[in-house]
Amino acid sequence: MDFRIVGLDSPLFSTLHHMIDASDDAADHRSFNAPTRTYVRDAKAMASTPADVKEYPNSYVFIIDMPGLKSEDIKVQVEEDNVLLISGERKREEEKEGAKYVRMERRIGKFMRKFVLPENANTDAISAVCQDGVLTVTVRKLPPPEPKKPKTIEVKIA
């Protein structure tokens, strides 16, 4: 809207006019670069799932707290031959008749973590154990390659 038409051509209204135009441009620009709902959901799921990763001489160990979850609620998979994916869902307990939440602080919903495995990870030797609410995923390392022996080439006399 042009404020000069209404007779409001003071510097204050001119500044307001430019601010309104700038915010409209920013809103249009943001819509083109806005993340998808799936991306936002996955980012939240990953941020809410902290993990410890340890390296041992023969393995990598991933430790994630999973209180109150059953083994059927947790998935451990390998994607693209080198990405370890740990995911699942914590469901809300069924409410008993006459009971209502006064406070609800425990997280519910989906969770997920992805880890790119190093080249020496043996994706055929992965084990997962959930004990006392702690998931431990162990990925064995491949044995180191044998060092190449130098090849001796016989020198012939011409």
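The values are calculated or read from the model by the stated rules, or taken from the named source; none is laboratory data. Predicted model only: the values in this text are computed from it and were never measured. We place every Cβ from the backbone using ideal geometry, glycine too, and count neighbours over all the protein chains shown. SASA here: full protein model, heavy atoms, side chains in, ligands and nucleic acids out. Shrake-Rupley method; radii C 1.70, N 1.55, O 1.52, S 1.80 Å.
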Using a 1.4 Å probe over the heavy atoms of the protein chains, calculate the carbon and sulfur portion of the accessible area of segment 39-158 as a whole percent. 50
Remind me, relative contact order of segment 56-158 in percent, using alpha carbon pairs under 8 angstrom and six or more residues apart? 35
Under 5 Å, built H, 5+ apart or other chain: amide partners of Ser59: Lys141
Could you name the lysines in cross-link range of Lys75, using Cα to Cα under 29 Å and dropping any fewer than eight places away on the same chain? Lys44, Lys54, Lys91, Lys96, Lys110, Lys114, Lys141
In whole Hz, the Karplus estimates of ³J(HN,Hα) for segment 109-122 (6.51, -1.76, 1.60; θ = phi - 60°; x where Gly or Pro) are x, 7, 9, 6, 9, 10, 10, 7, 7, x, 4, 8, 7, 8
Taking a probe of 1.4 Å, how large is the accessible area per residue of segment 48-158, in Å²? 83
Which lysines, if any, have their Cα less than 26 Å from the Cα of Lys156, not counting same-chain residues under 8 positions apart? Lys148
Would you please name the GluC sites (Glu not before Pro) within segment 71-158 that are DSSP coil residues with at most 14 other C-beta atoms within 10 Å of their C-beta? Glu80, Glu93, Glu94, Glu95, Glu97, Glu105, Glu119, Glu154
Quick one: net charge around Asp81, please, counting Lys, Arg +1 and Asp, Glu -1 for every other residue with C-beta under 14 Å from its C-beta. -3
